[in-house]
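Since the structure comes first, as structure tokens, the remarks are kept for the end.
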Amino acid sequence: QVRLVQSGGGLVQSGGSLRLSCSDSARTFSTAAVGWFRQAPGREREWVSAMSFTGTSYYNNSVKGRFTISRDNAEITVYLQMDSLKPEDTAVYYCATRPSWARQAAKDYEYWGPGTQVTVND
């Protein structure tokens, strides 16, 4: 049974950093792709980043160079390190998994975390 647990997030000033975590005690990350999405009020859910089971990572152009997705060696936790945060990064951030290969469409992901709020002040 896949159950994604998220941690991290919070309130930060513009230019600051936060790290989000997404864990699955069932250890499915070794064979799964993990994606990060975000949703701001009144907006559709947006793909942020993803990592295939191979470890290959992908980024939305809006976060490229500022965000880094990584996976721990035990393949239990995937992280999203967010640096140089901007007010427009404010949203609820979700992690999600799907088999093997990363995708950008939310509909392609099977399991979702509960979401965590990230707020970036000017």
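Across 5 Å bins from 0, what is the distribution of all Cα-Cα pair distances for the chain, in whole percents?
For the chain, the binned pair fractions read 2, 13, 24, 26, 20, 10, 4, 1, 0 percent.
Please work out the average accessible area per residue across the chain, using the 1.4 Å probe convention, and give it in Å². Walk me through the numbers on the way to the answer.
On the way: 6200 Å² over 122 residues.
Normalised by residue count, the accessible surface of the chain is 51 Å².
Starting at the first residue of the stretch 71-83, write each ³J(HN,Hα) from the Karplus equation 6.51 cos²θ - 1.76 cosθ + 1.60 with θ = phi - 60°, in whole Hz, x for Gly and Pro.
9, 6, 5, 6, 6, 9, 10, 10, 10, 10, 7, 10, 10
Any chance you could look up the accessible area of residue 58 with a 1.4 Å probe, heavy atoms only, rounded to 10 Å²?
The value for residue 58 is about 100 Å².
The values are calculated or read from the model by the stated rules, or taken from the named source; none is laboratory data. Bear in mind that the values here come from a model prediction, so they are computed numbers and not experimental data. Each accessible area value is taken on the protein alone, full model and side chains, heavy atoms only, with ligands, DNA and RNA left out. Shrake-Rupley method; radii C 1.70, N 1.55, O 1.52, S 1.80 Å.
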